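Chemist: Handing you a structure now.
The values are calculated or read from the model by the stated rules, or taken from the named source; none is laboratory data. The structure presented is a predicted model; accordingly, all values stated were derived computationally and were not measured. Glycine also receives a Cβ, built like all others from the backbone with ideal geometry; neighbour counts cover every protein chain displayed. The accessibility values were calculated without ligands, DNA or RNA, using every heavy atom of the protein model including side chains. Shrake-Rupley method; radii C 1.70, N 1.55, O 1.52, S 1.80 Å.
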Amino acid sequence: MNNTERILSSIAGNPWAGLQKADERWSVYKQGTRSVPTVVTEQSAALAVEIDYDVVICGGTLGILLGAALAGKGWRVAVLERQALRGRDQEWNISRRELDALVSLDLLSEDELAQAIASQYNPARISFAGGDELWVKDVLNIGVDPVYLLETLKQKFLANGGKLLEYTAFQSATVHRNGVSIQTTQPSAQSSTPQTVTSRLLIDAMGHFSPMVQQARQGQPPDAVCMVVGTCAQGYDHNQTGDLIASFTPIQNQCQYFWEAFPARDGRTTYLFTYLDAHPSRLSLTALFEDYFTLLPEYQTVSLAQLNFVRALFGFFPCYKNSPLQYPWPRTLAVGDSSGSQSPLSFGGFGAMVRHLTRLSCGIDAALAADALDSKSLALLQPYQPNLSVTWLFQKAMSVGINQTLPPNQINQMLSTIFSEMADLGDPVLRPFLQDVVQFPALAKTMARTATRHPLLVARILPQVGAGSVASWLRHFVTLGGYNLWNTAEQAVERAPLKSAKKQYVAERWREALQYGAGGDYKQAEGSRAKTKNGR
């Protein structure tokens with residue numbers, strides 16, 4: 001019995017069995033044998049019944065954030081969740097200022113937000129083998145208690161008239177001219193007759209593996225994948241610092257391994273993650289977990305024997321260049337991980353949902369008010385974002401092709417150099433990037449400085465990523481520059497409201513597309529400049 005089976009089998013809930021199921025799904029992705037479901041159909045006829053809700057959200061874990069915001073605006077909202085709506089025990093990490101959206105949207109009071117914060121730490125390290133360590137403060141250092149947060153949001157959602165349908169799973173949907181008919185099942189029931197609810201708008205918050213996403217993407221293989229394994233364990237020496245990203249090993253298994261670590265309420269959480277493609281010969285999650293347990297003692301200077309493992313965490317996250325995803329059907333909208341609205345460097349989840357929560361809740365409110373529920377109008381809520389698209393080149397540079405041969409430490413050397421240059425350029429350059437936001441001035445300064453000061457490094461990277469990736473990046477980079485200029489101009493102009501609600505809706509969505517696409521939604525926090533171990 002290997003370390004992975006031995007340790008995971010001893011944890012409550014038997015995550016070993018869950019790991020085997022996740023590996024079965026990963027194998028299907030690698031082999032390209034996924035079946036494409038048909039869960040959404042269209043009919044030209046109108047619904048002949050009274051429509052139950054303005055919005056039905058499928059997927060309650062993160063959907064309840066949006067549901068609570070929309071119910072607070074007075075809309076009839078139902079949230080479908082296939083299990084009980086309860087947050088997991090592992091905290092969600094985020095930066096403090098990002099949480100302000102929950103207060104500004106009146107989802108939490110200041111006191112409730114303070115209670116939702118379960119842990120916090122400072123500073124956080126960025127480290128790559130052979131390079132200087134960088135230390136930053138107040139970046140992804142807040143651990144939010146999902147159990148308390150979701151329960152608080154659920155109660156506010158219900159108090160505002162929302163309808164929560166727990167143990168109710170999405171099965172299929174039929175889009176009509178005037179609404180959507182949604183068929184549901186109850187997975188926990190021994191025998192269940194499908195139930196139907198109707199809505200003006202159907203929102204998919206079911207995540208990366210949503211059946212609606214699978215149908216919309218038609219079996220397209222992911223352009224990249226992030227694989228993650230990790231644990232929360234007790235028994236570490238007291239340590240109130242964390243790692244945002246660290247690497248201490250060369251390329252192995254055609255992968256560069258990265259680590260993340262931070263204190264949690266009941267121990268210390270450590271992740272091992274890597275970027276790769278879905279080639280059939282890629283390693284399994286189980287194999288990655290075995291490497292995790294082999295390397296963890298060196299990474300945290302601890303022996304496995306002194307640790308008490310309380311949770312295991314694992315998964316793979318497919319990424320698509322065609323993101324955010326715009327559904328082809330009217331009256332349907334993908335949000336959160338379903339839409340792929342995070343960069344290929346990010347796991348998505350809670351942080352990505354909170355970042356877009358104000359934009360989405362206000363935009364959906366406006367779409368409902370203007371009855372702008374056709375596919376073209378709803379696509380404006382998930383627009384092209386060049387500041388996310390430019391990060392595909394970075395993801396490519398942090399991964400190794402299945403048949404590529406690279407110097408063992410090339411990726412470590414590249415990242416150490418680039419992060420050092422960003423740190424020297426200051427917080428306005430480094431901090432947004434660490435929070436999955438790329439802005440044109442910061443990116444242009446970093447690329448120019450790296451190219452002029454480290455031309456040999458750039459010359460080594462170009463063959464690794466390929467001419468096609470560089471050409472694609474240049475298009476997004478130029479567009480990002482245009483968005484930056486246009487957004488700056490738009491923010492300086494006060495525009496009178498348009499008389500048509502639908503025209504006003506379109507104008508507001510275009511301004512938001514410029515703002516978010518340029519990274520202009522990011523607000524620079526006050527904080528100390530990042531420092532290297534040597535104080536540079």
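Chemist: In the list Val390, Val437, which residue meets the criterion of being at pLDDT below 95, crowded, with 18+ Cβ neighbours inside 10 Å and not small (Gly, Ala, Ser)?
Modeler: The match here is Val437.
Chemist: Oh, and also: Between Val147, Val180, which is surrounded by 20 or more Cβ atoms within 10 Å (Cβ to Cβ) and in contact (Cβ under 8 Å) with a residue 60 or more places away in the chain?
Modeler: Val180
Per-residue answers, yes or no, for (1) among the hydrophobic types (A, V, I, L, M, F, W, C); (2) out of contact with any Lys or Arg (no Cβ under 6 Å at 6 or more places or on another chain); (3) without any contact (Cβ under 8 Å) to a residue 40 or more places away in the chain; (4) not in a helix (DSSP H, G or I):
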| site | (1), (2), (3), (4) |
| --- | --- |
| Arg34 | no, yes, no, yes |
| Ser44 | no, yes, no, yes |
| Leu47 | yes, yes, no, yes |
| Thr61 | no, yes, no, no |
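Chemist: Hey, any hits in segment 351-360 for a residue that's of a type in the set (S, T, N, Q), under 16 Å from Gly519 (Cα atoms) and open to solvent by less than 10 Å² (accessible area, probe 1.4 Å)?
Modeler: Looking for residues that are of a type in the set (S, T, N, Q), under 16 Å from Gly519 (Cα atoms) and open to solvent by less than 10 Å² (accessible area, probe 1.4 Å), one finds none in segment 351-360, hence no.
Chemist: Can you report the number of residues in segment 119-134 which are surrounded by 18 or more Cβ atoms within 10 Å (Cβ to Cβ) and under 24 Å from Asp100 (Cα atoms)?
Modeler: 4
Chemist: I'd like the full set of residues that are closer than 15 Å to Phe316 by Cα, hydroxyl-bearing (Ser, Thr, Tyr) and assigned to a loop (DSSP other than H, G, I, E, B), limited to segment 245-281.
Modeler: Tyr257
Chemist: Moving to a separate point now. Among residues belonging to segment 93-118 that are at pLDDT below 95 and of a type in the set (Asp, Glu), point out the one that is most open to solvent (accessible area, probe 1.4 Å).
Modeler: Step by step, filter segment 93-118, then rank; the result is Asp100.
Chemist: Of all the helices (runs of 4 or more DSSP H) wholly in segment 349-436, which have at least 2 residues that are more than 16 Å from the chain's Cα centre (by Cα)?
Modeler: Where helices (runs of 4 or more DSSP H) fall fully within segment 349-436 and carry at least 2 residues being more than 16 Å from the chain's Cα centre (by Cα), they are 350-370, 375-379, 391-397, 410-425, 427-434.
Chemist: Among the residues of segment 3-35, what is the count of those that are open to solvent by 40 Å² or more (accessible area, probe 1.4 Å) and in contact with a helix residue (DSSP H, G or I) (Cβ under 6 Å, 6 or more places away or on another chain)?
Modeler: 5
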